[in-house]
Each structure stands twice: as C-alpha cells, then as structure tokens.
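Just so it is clear, none of the values below were taken in a lab; they were calculated from the coordinates. Here the structure is a predicted model, which means the values were calculated and not measured. For neighbour counting, all protein chains shown are included, and Cβ atoms are generated from backbone atoms with ideal geometry for every residue, glycine included.
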Amino acid sequence: MKIYLNGQFVEKHEAKVSVFDHGLLYGDGAFEGIRSYNSLVFKLKEHVARLYETAHTLMIKIPLTRQQMMNAVVDTLKANNLKDAYIRVVVTRGEGDLGLDPRKCKGQANIIIIADKITLYAKELYNKGMEIITVPTPRNSPEAINPLLKSLNYLNNILAKIEANNAGYSEAIMLDHLGYVAECTGDNIFIVKKGVLSTPSQGRLEGITRDAVLALAQKNKIETKECLITRHEVYTADECFLTGTAAEIIPVVKVDGRVIGEGTPGPVTKKMMKMFHETTAKDGVRY
Ligand code: PXG
C-alpha cells in the first residue's frame, strides 16, 4: 500500500509523523472521507472544498492549491491501482511542542492521503434496514465545536458510538444542544412522511451524500425540506434512512424501540438508494 505523505509516496510501514504532531496531541486538524466507484471519484471537488473550509476556520494553511489536492487524491488512487476505494485525506497542524498553542507549530501542515477499502455496516442491513437508538451525549453545540467542521477531534461522535455499542447497537442518533435530532455519529439522517423527504437543517455536518440525495430528490420531483426534526417525528415517520460517504444510503427500520413505518425499507428509501447508485456509477472525476 502506497501512502501519500507530504508530496511523496511511501510504504505503509514508513508512513509516519512525529509524536509531536498536534493532530495526534490535540486532534488539531481536518479530514475528509471520499469514495471512488469504478475509477470515478464521487464529488471530489466538494470534498476538497469542505476540507479547505474546515482548515480555514482552524487557521491551518494547506500548502497545496485545491487543484493540487485533487490531483494528489487521484495520484494516490493510481499509485494503489484501486478502482473502488475509500480515500481518507488528513491534514494536521503539524509538529509543535507540548503546548496547545498553534503558534508553536512552526513547520508545515502534514498532509496524508490513504486509499483503502471500507465496509461500515453488514450488507444484509442494506436489505433489512437497521435498528438505532438515541444516545445521551448531545452533538457539539455550534458555538463550541461547530458540527459543520470535519475536524480530527471526533470524540463527541466516538462517545456517542460507545453509548450505542454498549447498548448493543452500531449507530446512534445524536440530538443537538436544544434536543432536536442532529445526525448520527458518522451519517446524516433523513425521514419520509407523506412523500416529503426531510432532514435536519442545523447542528449537523453538511454531508456531501446528504446534498447529493437532496439534489436527486429535487430532480425527481420529490418534495424536500430542511427543518428542525424531533424524535417524535422520527418515530412517526413513514420511512427513515441514513447517508454518508462510507455508509452510502442505509435504511433505518426501528428507532428507540419504535418501528418506523412498516418496519421494512420503504419505497422512497429504495428509490433513493437506486438513484444514488446510478449517480455514483456515472458522475465523478475519472482516473
Ligand atoms: N455526519 C458526520 C458526523 C460524519 O462524520 C457524515 C455526517 C456524512 O457526510 P458525507 O459528506 O460523508 O456524506 C459524516 C461522515 C466512520 C466514518 O468510520 C464516517 C464518516 C467519516 C469518517 C469515518 O463511520 N462520516
């Protein structure tokens, strides 16, 4: 496996950064998870744009242009001969000292690109749908660590994941600081009621799969809404599904013990899954 590390390709066992890297010491950095399908990178420009937006707010200077970053992603895929891959782009603030002051990181940001495979959920869950729960840990409030940032500090989501795992589930709904449904630990959430597709308007990551699903729905004359959503509205929805680069679209059939709709993946969910797969098979940056 060839890892991109600051402009060089190195073998996995040689791909190392300093123990003084602030990404390791403080979670001080940004990342993206991108996917390619049959030599097409899906929404590469959008992922790179979001990475640079996170870095902008964190005041981390990425020593590459957006185009150079896109080329680096494609080069990593080519170097590994991967047609279908999950690509992790990591930007850390770089090497500093044992103090969190970013001004002590005098060198450049570290840029790491790993291309590999990922399977998030078992295949049968895509046919049967999954059961999830709401967990006690709320999603970070926007005035603390804004959920719009895809930073290396994922402890908020990891704590929620631990709570789900402890209860015997593999995914969890996180509420925002006001108690509205925000998103899951690594996916956005959608509900369908009377043919209308809704997803939380705030307190969540602006997921690229989420945006793609909204655009596909609109193109196919399915009404969409971005609004505040309560747990009651999830429990009483006709359908529910989650979206994410790794998970793609996965149906949800039970939430906090409440059966959603018929308890099986619904027609809108299945239609969105089909349309999404058609899109990823034809759209993207070819390599
Ligand atoms: N919300 C959160 C909190 C995420 O981390 C999404 C939504 C979906 O966004 P995209 O742009 O991918 O549609 C994510 C991204 C994992 C894992 O191992 C999941 C993500 C990222 C990295 C790892 O579960 N999801």
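Between THR224 and SER39, how high is the FRET efficiency from 1/(1 + (r/R0)^6) when r is the Cβ-Cβ distance and R₀ = 25 Å? Nearest 0.05. Don't skip to the answer; put the middle values down first.
Values: r = 31 Å, r/R0 = 1.22.
Efficiency computed from Cβ-Cβ geometry: 0.25.
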Bridge orientation stat for the chain from DSSP, antiparallel percent rounded to 5, came to 85 percent
For segment 123-280, the Cα gyration tensor yields equivalent-ellipsoid semi-axes (√(5λ), largest first, whole Å) of 22, 18, 15
Here the FRET efficiency for LYS194 versus ASP283, based on Cβ atoms and R0 = 25 Å and rounded to 0.05, is 0.25
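Just subtract the alpha-carbon distance of ASP84 and PHE20 from 0.36 nm times their residue separation and send over the number in nm, one decimal. Don't skip to the end; give the middle numbers.
Values: separation 64, 0.36 × 64 = 23.04 nm, distance 3.38 nm.
Working it through step by step, the gained length comes to 19.7 nm.
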So GLN68 and HIS177, fully extended at 0.36 nm per residue minus their Cα-Cα distance, gain in nm 35.5 nm
Across all Cα atoms of segment 2-116, Rg and the largest Cα-Cα distance (Dmax), in Å, are 13.9, 44
Taking R0 as 25 Å and r as the Cβ-Cβ distance between THR236 and ALA167, the FRET efficiency 1/(1 + (r/R0)^6), rounded to the nearest 0.05, comes to 0.65
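Under a point-charge model restricted to the Cβ atoms of Lys and Arg (+1) and Asp and Glu (-1), what is the dipole moment magnitude of the chain relative to its Cα centre, in debye to the nearest 20? Don't skip to the answer; put the middle values down first.
Values: 37 positive and 33 negative charges, 147 e Å.
Taking the Cα centre of the chain as origin, the dipole is about 700 debye.
Kindly put PHE276, PHE42 in sequence by how many other C-beta atoms sit within 10 Å of each C-beta, fewest to most.
PHE276, PHE42
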For LYS16, the aspartates and glutamates lying under 13 Å Cα to Cα, once residues fewer than eight places off in the same chain are dropped, come out as GLU95
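Can you tell me the mean projection area, over all orientations, of the convex hull of the chain's alpha carbons? Units nm², please. Mind showing how you got there, number by number?
Numbers: hull surface 59.4 nm².
For the chain, the mean projected area of the Cα convex hull comes to 14.8 nm².
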With only helices counted (DSSP H, runs n ≥ 4, each -39500 (n - 2.57)), the per-residue ellipticity at 222 nm for the chain, to the nearest 500, works out to -9000 deg cm²/dmol
Neighbours of GLU131 by Cβ distance under 11 Å: Lys/Arg at +1, Asp/Glu at -1, summed charge +1
